[in-house]
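Engineer: Sending over a structure as structure tokens; questions will come in a sec.
The values are calculated or read from the model by the stated rules, or taken from the named source; none is laboratory data. Everything numeric in this text was worked out from a predicted model, so none of it was measured. Reconstructed Cβ throughout: ideal geometry from the backbone, glycine too, with neighbour counts over all protein chains shown. Remember, those area values only see protein heavy atoms, side chains included, never the ligands or the DNA or RNA. Shrake-Rupley method; radii C 1.70, N 1.55, O 1.52, S 1.80 Å.
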Amino acid sequence: LAANDIAILLRGNGNADVSSWVRGGGCLITEWTGADWALNSANLLDASVSGGGGVGTGTSVTITADGIAAGLAEGIPNPYSAGPASEFFRDFTGIGTGVSIMATRPGDEPAILGGAFSSGLVLANGIDWADGSFSGDDNRQFLLNSVEGFCGGVSNSAEPVPGLSAMGLTLLVGLTGLIAAFGFQRRRQMTA
């Protein structure tokens, strides 16, 4: 993880190395039950997961003002839905200060939380957006927004990090198969 700025925790648990990496300035994005580990085990944000389950296929997700400010709504309708990728949700409780509700589902229930952990960032996405082979343009755009918008400020570069299309994108899967890390290596833009 040391060479990467962003990691995505898919439906599983991280470990002490992931916590240390976030503490050192990494940006962690969770998906579905990955939020359980980030909040309940690693205590990366001042919030908890108290279970969750099916809400309904194509449940709408509304990006809040904090989520809009973080760039999560770029290029997608707000609210948006993504078929089977927005039907299961984790239930967030005990949301403390310093934690932003980035998106909600019907009933004004928090669906995505975001905040800082030491020098890093955590986007606790309680939506099962990897369901259905991560289908749908809006769903893919939401992930891109999470990477470029929310996590966009994590690079230690003195200059802005180029857009995703200009970066070498590699998918690294941890030995346990539980962590996918987008290989955004820390680089500087070349200027003439």
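Engineer: If amide hydrogens are placed 1.01 Å from N in the peptide plane, which non-local residues have theirs closer than 5 Å to the one on residue 29?
Structural biologist: Those qualifying (amide H under 5 Å, at least 5 residues apart or on another chain) are 7, 8, 9, 123.
Engineer: Which distance in nm do the two modelled labels at residue 65 and residue 50 give, with both placed 7 Å along the Cα-to-Cβ direction?
Structural biologist: 2.6 nm
Engineer: Pulled fully out, how much extra length does the chain show between residue 15 and residue 108, if you take 0.36 nm times their separation in residues and subtract their Cα-Cα distance? Before the final figure, lay out each step's value.
Structural biologist: Numbers: separation 93, 0.36 × 93 = 33.48 nm, distance 3.15 nm.
The span from residue 15 to residue 108 would gain 30.3 nm if fully extended.
Engineer: Something else now. Could you please report the charge total around residue 14, scoring K, R as +1 and D, E as -1 over all other residues with beta-carbon less than 15 angstrom from its beta-carbon?
Structural biologist: Details: positive: 11, 23; negative: 17, 31, 36.
Residues near residue 14 contribute -1 overall.
Engineer: Of the listed peptides 9-16, 95-102, 109-116, what is their order by residue-averaged count of other C-beta atoms within 10 Å, with the highest listed first?
Structural biologist: Values: 9-16: 17.9, 95-102: 16.2, 109-116: 22.5.
Ranking, from highest mean packing down: 109-116, 9-16, 95-102.
Engineer: Applying a 10 Å radius around every beta-carbon, put 55-61, 66-72 in order of their mean neighbour count, most first.
Structural biologist: On the way: 55-61: 18.0, 66-72: 20.0.
Ranked from most to least packed, the peptides come out as 66-72, 55-61.
Engineer: R0 = 30 Å: FRET efficiency of residue 93 with residue 2, Cβ-based, nearest 0.05? The partial results should precede the final answer.
Structural biologist: On the way: r = 33 Å, r/R0 = 1.11.
Calculated transfer efficiency: 0.35.
Engineer: When the accessible area of segment 9-157 is computed with all protein chains present and a 1.4 Å probe, what percentage of it is carbon and sulfur?
Structural biologist: Working: 2610 of 5660 Å².
Reported share for carbon and sulfur atoms: 46 percent.
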